[in-house]
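Please read the structure below before turning to the comments.
The values are calculated or read from the model by the stated rules, or taken from the named source; none is laboratory data. Computed from a predicted structure; not experimentally measured. Because the Cβ atoms are built from the backbone with ideal geometry, glycine has one as well, and the counts that use them run over all protein chains shown.
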Amino acid sequence: FITTQTVLGRHIYAMGGNPEAAQLSGINVKRLTYVVFGSMGMLSGLSGILFASRLQSATTTAGTLFELDAIAAAYVGGVSAAGGVGRVTGSLIGALVMLSLTSGMNLMGIDISLQYVVRGAVLAAAVIFDVTTRSSGK
């Protein structure tokens with residue numbers, strides 16, 4: 001809802017698609033960049049606090065490779081690294097796919113190092129698919 005029905009969401013999509021065109025249409029790209037990165041920093045800090053409270057401890061290795069899952073979920077969900085393409089629902093579906101993959105491998109008793117290899121291969125396949133479909137569309 002926020003990304004499609006609010007002015008802020010539309011501006012973020014415009015900036016992601018083409019920052020120069022967004023600037024020319026009257027969007028303050030520099031300020032919007034600060035707002036987006038600031039909100040992501042705040043949300044990351046909040047999630048770190050919640051994760052540490054769930055673990056009842058704070059270690060330097062907690063959350064290792066969470067970013068791999070997040071990036072893979074976004075790519076599997078159809079978000080393009082070039083920007084301007086993708087929906088929140090697609091990212092949620094990608095997260096469900098990655099969660100199902102991880103849970104299935106855990107239930108099958110697959111070693112964690114092999115799980116990282118499989119999840120990395122899924123990410124690589126999604127990136128290759130994105131690059132080839134984007135280049136063939138031109």
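Observations, loosely collected:
- Tally, over the stretch 15-32, of residues that are touching a residue at least 40 places away in the same chain (Cβ under 8 Å) and crowded, with 16+ Cβ neighbours inside 10 Å: 1
- Residue that is part of a loop (DSSP other than H, G, I, E, B) and touching a residue at least 12 places away in the same chain (Cβ under 8 Å), where the choices are GLY48, GLY109, GLY120, GLY63: GLY63
- Only one of the listed residues (GLY94, GLY17, GLY45, GLY38) is of a type outside the set (Lys, Arg), closer than 26 Å to THR132 by Cβ and not assigned by TED's automatic domain parsing to the domain that holds ALA125. That residue is GLY17.
- Scan of the stretch 62-75 for residues that are surrounded by fewer than 15 Cβ atoms within 10 Å (Cβ to Cβ), under 19 Å from ILE128 (Cα atoms) and either more than 11 Å from the chain's Cα centre (by Cα) or of a type in the set (Asp, Glu) (or both), ordered by number: GLU67
- Qualifying residue in the stretch 115-130 (condition: among the acidic types (Asp, Glu), surrounded by 11 or more Cβ atoms within 10 Å (Cβ to Cβ) and closer than 30 Å to ARG10 by Cβ): yes
- Unique residue being β-branched (Val, Ile, Thr) and farther than 28 Å from THR4 by Cα when the list is VAL118, VAL131, VAL97: VAL118
- Taken together, GLY78, GLY83 contain a single residue that is assigned to a loop (DSSP other than H, G, I, E, B), surrounded by fewer than 14 Cβ atoms within 10 Å (Cβ to Cβ), at pLDDT below 85 and not assigned by TED's automatic domain parsing to the domain that holds LEU8, which is GLY83.
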